[in-house]
């Protein structure tokens with residue numbers, strides 16, 4: 001047995017290690033998507049690939065971590081691994097990933113000649129632009145787990161192969177180096193922890209932390225009344241015509257929970273989710289509802305069973321395209337919240353903006369003709385809570401990237417941001433108001449290609465307990481767009497309006513004298529969230 005105090009101390013140390021890895025990656029990176037928007041994640045895994053600790057960055061990225069280590073060990077025997085080996089992968093079917101821009105680096109950690117853990121990080125390389133999304137072969141370079149470094153020596157031919165398939169190789173090389181630095185820091189910190197407390201003590205503490213997360217999850221589930229809870233919603237995006245019907249059935253039995261999803265067959269568009277994407281979404285949503293203080297490790301998943309028919313958009317099979325899977329993941333969160341609203345109404349929110357609106361520009365710099373690619377994801381409304389208004393203009397649930405400052409955008413790319421504002425009235429009315437969406441209007445200052453992905457264009461984010469739905473999203477441009485894609489000429493404009501969110505409670509129940517207090521409390525929430533984010537603690 002290991003005493004609880006030691007477990008707590010080592011658990012805090014593991015959390016500090018992954019947070020420090022994340023800050024190192026962000027500070028050392030080159031691209032705006034990582035250094036400014038913080039589109040990356042870091043984690044430590046045990047030797048079997050179970051999550052020991054994940055930094056509180058992007059919940060979605062857990063999906064790219066879940067199966068990576070098993071895929072590595074399937075291809076590369078542990079007995080042949082050496083200190084300084086680094087494996088690189090991104091494929092959604094043969095590499096454990098969820099979409100190709102998320103490139104993962106994993107480095108085994110050795111202590112006293114034995115492998116004890118893995119240091120892992122992921123960075124979203126905003127590179128594979130202006131591509132089709134009928135199937136995964138169109139979406140970018142597929143990388144199964146391969147050695148990028150062998151015993152500390154760079155495999156230059158592997159790196160050259162990766163960079164040759166990238167549109168902006170200078171950014172990719174610099175960001176890959178930043179990922180290497182982050183993992184090396186994680187290895188050094190973890191070996192130092194083992195030197196201080198002993199390898200066996202650290203390993204036992206890792207197991208105890210997973211057991212503790214399982215106990216907390218089971219206790220939280222046990223507090224929910226047994227039963228079957230169902231919810232249905234619709235999903236739309238510019239890549240497909242019409243709307244797709246989704247449903248979720250959640251069975252609570254004692255201290256265990258089963259979640260079953262039904263959805264249409266996978267489509268020839270980049271919105272499909274792999275099972276690992278579905279799992280990471282479920283783990284986030286259930287943790288957020290049941291007990292947000294549960295440690296983010298593999299133990300929390302043990303009481304949960306997740307099922308969905310293979311070959312559907314929520315559990316796709318090869319060769320389905322997956323580039324925009326995050327937007328559908330957001331809707332899955334809404335399904336889970338909607339289903340459990342009947343069981344634990346005070347622990348859920350109304351529907352959030354229900355999308356991950358992204359806009360990608362690609363073109364050539366006017367000065368030297370160099371190719372540039374810029375990706376941005378745009379926030380929206382956060383659903384109203386049982387006792388508070390929703391937050392305005394924020395990233396919600398599965399995405400947690402930061403806003404790119406206007407100055408950085410216009411300094412690095414031939415784009416001008418003409419308008420950037422909250423959409424008044426887009427928060428659903430209720431006893432507590434839903435959060436408002438965002439309007440961004442871009443002007444192309446040089447010819448470029450543009451692509452917009454999003455959702456809630458045809459349906460509104462629902463409210464709870466008699467509240468109104470939030471405002472819907474829209475995309476408009478001064479040129480025709482084909483399923484969200486088109487060419488902008490110099491001076492052309494494109495406007496993206498993201499959805500608001502649903503309210504909570506009947507509007508007539510709102511006490512007018514409490515409005516000022518609600519506004520003040522919301523402002524405190526927003527400021528606190530920003531301070532937590534700056535400290536590296538945002539996320540789930």
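Points worth noting:
- For 166, 356, the sequence from fewest to most other C-beta atoms within 10 Å is 166, 356.
- Virtual spin-label span in nm between residue 195 and residue 483, 7 Å along Cα→Cβ: 5.5
- Each principal axis of the Cα cloud of region 134-185 was taken in turn, and the coordinate range along them, longest first, works out to 39, 20, 19 Å.
- Relative contact order computed over region 4-214 (Cα-Cα under 8 Å; 6+ residues apart), in percent: 25
- Counting every alpha-carbon pair across region 368-409, the share separated by more than 13 Å comes to 66%.
- Short to long, the 5 Å bins of the Cα pair-distance histogram for region 2-146 hold 2, 10, 18, 21, 20, 15, 9, 4, 1, 1, 0, 0 percent of all pairs.
- Alpha-carbon spread of region 367-508, three principal axes, descending order, Å: 59, 28, 24
- FRET efficiency, residue 458 to residue 154 (Cβ-Cβ, R0 35 Å, nearest 0.05): 0.10
- In this rough spin-label picture, where each label sits 7 Å from Cα along the Cβ direction, the residue 256-residue 371 distance is 5.1 nm.
- Gained length - residue 412 relative to residue 78, 0.36 nm times residue gap less alpha-carbon distance: 115.9 nm
- Beta bridges by DSSP in the chain, antiparallel share as percent, to the nearest 5: 95
- Relative contact order [Cα under 8 Å, 6+ residues apart], the chain, whole percent: 14
- Exposure proxy ranking, count of Cβ atoms within 10 Å, fewest first, for 399, 377, 251: 251, 399, 377
- Of the residues 497, 317, 158, the one with the fewest other Cβ atoms within 10 Å heads the list, and the complete ranking is 317, 158, 497.
- Treating each Cα of region 91-130 as an identical point scatterer and summing with the Debye formula, the log10 of I(q)/I(0) at q = 0.16, 0.18, 0.31 Å⁻¹ comes to -0.52, -0.61, -1.02.
- Gain on full stretching of the segment that runs from residue 215 to residue 138 - 0.36 nm per residue minus C-alpha separation: 23.4 nm
- P(r) weight above 24 Å for region 144-251, C-alpha pairs, percent: 65
- Summary value for region 1-124: 23 percent relative contact order, contacts being C-alpha pairs under 8 angstrom separated by 6+ residues.
- Euclidean distance of C-alpha centroids, region 39-69 and region 383-398, integer Å: 26
- Here the translational diffusion coefficient of region 188-325 follows from Stokes-Einstein with Rh set to the Kirkwood radius across Cα pairs; for 20 °C and 1.002 mPa s it amounts to 126 µm²/s.
- Considering region 440-491, its Cα convex hull presents a mean projected area of 4.2 nm².
- Helical content alone sets the calculated 222 nm signal of the chain at -10000 deg cm²/dmol, taking -39,500 (n - 2.57) per DSSP H segment of four or more residues and averaging over every residue.
- Annotation: peptides 44-55, 304-315, ranked by per-residue average of other Cβ atoms within 10 Å with the highest first, follow the order 44-55, 304-315.
- Using alpha carbons only, the radius of gyration of region 244-350 set against its Kirkwood radius gives Rg/Rh = 0.97.
- Cα-projected label distance for residue 243 with residue 174, points at 7 Å along beta-carbon direction, nm: 4.4
FYI, it's all coordinate maths here, none of it is from the lab. Predicted, not measured: the structure shown is a model, and the values here were computed from it. Cβ atoms come from the backbone with ideal geometry, glycine included; neighbour counts cover every protein chain shown.
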